[in-house]
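The values are calculated or read from the model by the stated rules, or taken from the named source; none is laboratory data. The model shown is predicted, which means the values in this text are computed figures rather than measured ones. All Cβ positions, even for glycine, are placed from backbone atoms using ideal geometry, and neighbour counts span all protein chains on display.
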Amino acid sequence: MSTAALTASPAALALAETMEELREFLNSVQRPRLKDSAWMQVAHLRCQELQDRFMEARAAMATRSQKLASSAEEMVECLREWSVEFRSRPRRRNLDDLTRRLGRNYEAMLESAKAWGATAGLSSRKMVHLKPVNYWRNVFHVMMGLSAVGAAEFVFTWQQCGFIMIALTAIVATLESLRRFLPGLNRFLVQKLFGPVSRPRELYRMNGASWFVFATTLLVLFFPKWCAELGVLVLAVADPAATLAGKAWGRHKLYRQKSIVGTVAFFLTALAGTVLFGQWAPETSWPVLLGLAGSVALIGTAGELFSDRLDDNFTIPLLCAGVATLWVM
């Protein structure tokens, strides 16, 4: 047990355990097996247990944090609605909507819990963000990267790309700033405009697309064209591969919530993608290409694995482009 866990208050530890149980519940109901009666019974029982746990959390937080107590009350209500829908003839669309709402409530409560937990001696590492399965996000991720490289190769000059990215950065930075002060705009952007590809935490954090725009701008301004494009492509194909493999088979964790399977999938995809794209590398021999590919895959994997404070949509392309630049200089 960590030092933080030893010094944390019982109420803080109980809250962290309850949040962890809810996160596991949300992961299990993302793809509900509505024709499996045994699964249905277990899911309903867990929902009922979570209602009880959050009612206890609401009572425990009443004298410690009014914001957390209110969040716990909202969580109880949302779990109750999910349970009612589940007990009747559950409709997949309604359950999905309620699950997304639970996810948003989880992230809202997580923000409050982190602030309160710091004063209660609880390590923020016990508070883990949701990363739900989202195939539309994976497709969007790949298309963003491929479109960016395709535009740079076949539509615009490299100089024009620089001007476009500077303009996009200004727009994105403005929107990111405004949505911090305009809740209505924030909800519209995250839940409506980008709803199918957004994650619950992006209602309270800068979204992955913004990080990607900032990274791409730096790539265009400061890196050779081929190296910049490689960084974007590694992110576009290897990151979704890691996510899909990790969600499907990643039972054994390597670091925090990152699985061994997902990490290996990232490395192999990045390695193969770099070798393939290396056919267009400027005057690169096979020994150099293989060394470059291995280095890029390794540093990209490390960036994906350890990007805690900075988003991996920012770190991965910059790290990969940086390593590639050292090889082709």
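Filtering Leu98, Leu50, Leu45 for residues that are of a type outside the set (Gly, Ala, Ser), touching an Asp or Glu at 6+ places or on another chain (Cβ under 8 Å), without any contact (Cβ under 8 Å) to a residue 24 or more places away in the chain and closer than 29 Å to Arg251 by Cβ leaves a single hit, Leu98. Being small (Gly, Ala, Ser) and surrounded by 15 or more Cβ atoms within 10 Å (Cβ to Cβ) is the filter here, so list the residues in the range 233-265 that pass it. Those that are small (Gly, Ala, Ser) and surrounded by 15 or more Cβ atoms within 10 Å (Cβ to Cβ): Ala236, Ala238, Ala241, Ala242, Ala245, Gly246, Gly250, Ser259, Gly262, Ala265.
Each residue in the range 216-227 was checked for being out of contact with any Ser or Thr (no Cβ under 8 Å at 6 or more places or on another chain) and touching a residue at least 40 places away in the same chain (Cβ under 8 Å), and 7 pass. Considering the range 294-304, the residues that are in contact with a Gly (Cβ under 9 Å, 6 or more places away or on another chain) and more than 10 Å from Leu271 (Cα to Cα) include one that is surrounded by the fewest Cβ atoms within 10 Å (Cβ to Cβ), namely Ile299.
Would you confirm whether or not the range 256-279 contains a residue that is in contact with a strand residue (DSSP E or B) (Cβ under 8 Å, 6 or more places away or on another chain), in a strand (DSSP E or B), assigned by TED's automatic domain parsing to the domain that holds Leu146 and among the basic types (Lys, Arg)? No: zero hits. For Ala248, the test of being without any contact (Cβ under 8 Å) to a residue 40 or more places away in the chain and either more than 21 Å from Phe266 (Cβ to Cβ) or basic (Lys, Arg) (or both) is failed. Within the range 246-288, the set of residues being among the aliphatic types (A, V, I, L, M) and out of contact with any Ser or Thr (no Cβ under 8 Å at 6 or more places or on another chain) comprises Ala248, Ile260, Val261, Val264, Ala265, Leu268, Leu271, Ala272, Val275, Leu276, Ala281, Val288. Within the range 266-293, if we keep just the residues that are among the aromatic types (Phe, Trp, Tyr) and at pLDDT 85 or above, the residue that is surrounded by the most Cβ atoms within 10 Å (Cβ to Cβ) turns out to be Phe266. Taken as a whole, the range 311-321 holds no residue that is farther than 21 Å from Leu221 by Cβ and either modelled with pLDDT under 95 or assigned by TED's automatic domain parsing to the domain that holds Val149 (or both). From the list Ser198, Ser210, pick out the single residue that is surrounded by 15 or more Cβ atoms within 10 Å (Cβ to Cβ), at pLDDT below 90 and either under 16 Å from Gly145 (Cβ atoms) or assigned by TED's automatic domain parsing to the domain that holds Ser307 (or both). Being surrounded by 15 or more Cβ atoms within 10 Å (Cβ to Cβ), at pLDDT below 90 and either under 16 Å from Gly145 (Cβ atoms) or assigned by TED's automatic domain parsing to the domain that holds Ser307 (or both) holds for just one of Ser198, Ser210, which is Ser198. For the range 204-221, does any single residue satisfy the condition of being out of contact with any strand residue (DSSP E or B) (no Cβ under 9 Å at 6 or more places or on another chain) and farther than 30 Å from Val323 by Cα? Taking every residue of the range 204-221 in turn, at least one turns out to be out of contact with any strand residue (DSSP E or B) (no Cβ under 9 Å at 6 or more places or on another chain) and farther than 30 Å from Val323 by Cα.
Of everything in the range 30-58 that is at pLDDT below 85 and either within 20 Å of Lys131 (Cβ to Cβ) or not assigned by TED's automatic domain parsing to the domain that holds Glu74 (or both), the residue that is surrounded by the fewest Cβ atoms within 10 Å (Cβ to Cβ) is Arg31.
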